[in-house]
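Here's a structure for you.
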Amino acid sequence: LSPQFGSRSSGINAEYGDHRYTRFVMLLFVLCALFVPVVAKGSVGIVHMHGVLEGYYEHNNFKNHIERNLGIEVHLIDAYNYASSVVPIKTQVKNVGDMVREIASQYDHIIAVGYSQGGVIMRGVIEEWDNHNVAMFISLASPQHGVYGSPPLAEHFIPFFDWYAKNGFYKVLYTSVFQRLGLFNYYLDPTHYEMYLKSVEYFPRMNNEREGEEGAEQRKINFSKLRKLVLIGGPGEDVIDPWQSTQFGYYTEFGFDGYVVPMEKTRFYKKDLFGLRTLAQSGRVVRCTYDEINHLQFRDHQGMLETCVLPAITAIVEELSE
């Protein structure tokens, strides 16, 4: 009898141990669900392009904040750092595009983020990319309608510099020599618009401003494919003039003597040159205005991230999972 009793006891203990193990696994799963953001990491990734005269690693705070709070992997593009960031925008769009597509191949969908000049580059990547899998584009303090004059910050150091910039810069910046520098490739002087169209190669192409330019319709299709466009900026901006360019607003044809109009009153929107109006009228454009921070702070300001960036990412991930 002893052997039989002992055998039965071992079976009971084993069965009890199995139940304990199952309960432990279930408890662990519940705790993870409660305390760890659940995101299908294999399905959604974020690709981030930095701005001019800076390096990708200066956006590690952005990367860490998103990964810690949402559990989504952020890929910082390691290209065109510092001095090399002045390479022509056309070249950057092509090469960064290759890098973005390689990363995007790992995911069902990606969220593209571009800070400052990086936002212009990332928009170019999206427009030139047929059948892309970019679900959302977050433009972070980026001069999407171009820049005019000099950075507001410069006025504090060089008196009258802004006046000169708005009244004489175009003569210099629209020369072939200065157009070799990427940071002048999106200088849009509204008072010398025809000269801008003739002198600047890539920005008018990106905006489909020149009639009959090759690929215009496909670029519009590609941009219009976005599920969501998030435009982030604010009046504390001290580099981009006007700050409304971060949300596709701009000066009228009178330039410095005129005023700034919102996105809906611009040529880009009214003519729906590249799909901006298409996105807006279908409810796919979000403008988030965050005050009291300067250009550099838009990199990773916690309040801005929690107000503008995290909710947008959370919403698109939920939409994609439906």
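The values are calculated or read from the model by the stated rules, or taken from the named source; none is laboratory data. The structure presented is a predicted model; accordingly, all values stated were derived computationally and were not measured. FYI the Cβ positions are ideal-geometry reconstructions off the backbone, even for glycines, and counts take in every protein chain you see. Surface accessibility is based on the protein's heavy atoms, side chains included, excluding ligands, DNA and RNA. Shrake-Rupley method; radii C 1.70, N 1.55, O 1.52, S 1.80 Å.
Scanning for something open to solvent by less than 20 Å² (accessible area, probe 1.4 Å) and charged (D, E, K, R), does segment 306-322 turn up at least one residue?
no
Any chance segment 209-219 includes a residue that's part of a helix (DSSP H, G or I), closer than 13 Å to Arg123 by Cα and touching a residue at least 24 places away in the same chain (Cβ under 8 Å)?
Yes - at least one qualifying residue is present in segment 209-219.
Just the residues that are among the aromatic types (Phe, Trp, Tyr), open to solvent by 20 Å² or more (accessible area, probe 1.4 Å) and outside any helix (DSSP H, G or I), please, taken from segment 263-289.
Here is the first cut: in segment 263-289, the residues among the aromatic types (Phe, Trp, Tyr) are 268-269, 274.
When the remaining residues are screened for being open to solvent by 20 Å² or more (accessible area, probe 1.4 Å), the result is 269.
Matches in segment 263-289: none.
Would a scan of segment 118-136 turn up a residue that is buried (at least 24 other Cβ atoms within 10 Å of the Cβ) and not in a helix (DSSP H, G or I)?
yes
Can you tell me which residue within segment 81-103, out of those that are more than 20 Å from Met206 (Cβ to Cβ) and part of a helix (DSSP H, G or I), is least open to solvent (accessible area, probe 1.4 Å)?
Ile103
Anything in segment 54-80 that is touching a residue at least 60 places away in the same chain (Cβ under 8 Å) and assigned to a strand (DSSP E or B)? List them, or say none.
none
A further question on this structure: Filter segment 218-243 down to the residues that are open to solvent by 40 Å² or more (accessible area, probe 1.4 Å), under 17 Å from Leu140 (Cβ atoms) and touching a Lys or Arg at 6+ places or on another chain (Cβ under 8 Å) and list them by number.
Hit for segment 218-243 is Lys228, nothing else.
Can you report the number of residues in segment 174-204 which are small (Gly, Ala, Ser) and within 20 Å of Val260 (Cα to Cα)?
0
When you go through Glu292, Glu237 one by one, which is the residue that is within 18 Å of the chain's Cα centre (by Cα), farther than 18 Å from Phe203 by Cα and part of a loop (DSSP other than H, G, I, E, B)?
Numbers: Glu292 fails: within 18 Å of the chain's Cα centre (by Cα).
Residue meeting the stated conditions: Glu237.
Every residue, every condition in (1) open to solvent by 30 Å² or more (accessible area, probe 1.4 Å); (2) hydroxyl-bearing (Ser, Thr, Tyr); (3) modelled with pLDDT of 95 or more, yes or no:
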| site | (1), (2), (3) |
| --- | --- |
| Ala154 | no, no, no |
| Ile158 | yes, no, no |
| Phe161 | yes, no, no |
| Gly168 | no, no, no |
| Tyr187 | no, yes, yes |
| Met206 | no, no, yes |
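In segment 295-322, how many are touching a strand residue (DSSP E or B) at 6+ places or on another chain (Cβ under 6 Å) and either of a type in the set (Asp, Glu) or assigned to a loop (DSSP other than H, G, I, E, B) (or both)?
Here the count works out to 0.
If you don't mind, another one. Does Gly215 fit the bill of being closer than 30 Å to Leu320 by Cα, open to solvent by less than 20 Å² (accessible area, probe 1.4 Å) and within 23 Å of the chain's Cα centre (by Cα)?
No.
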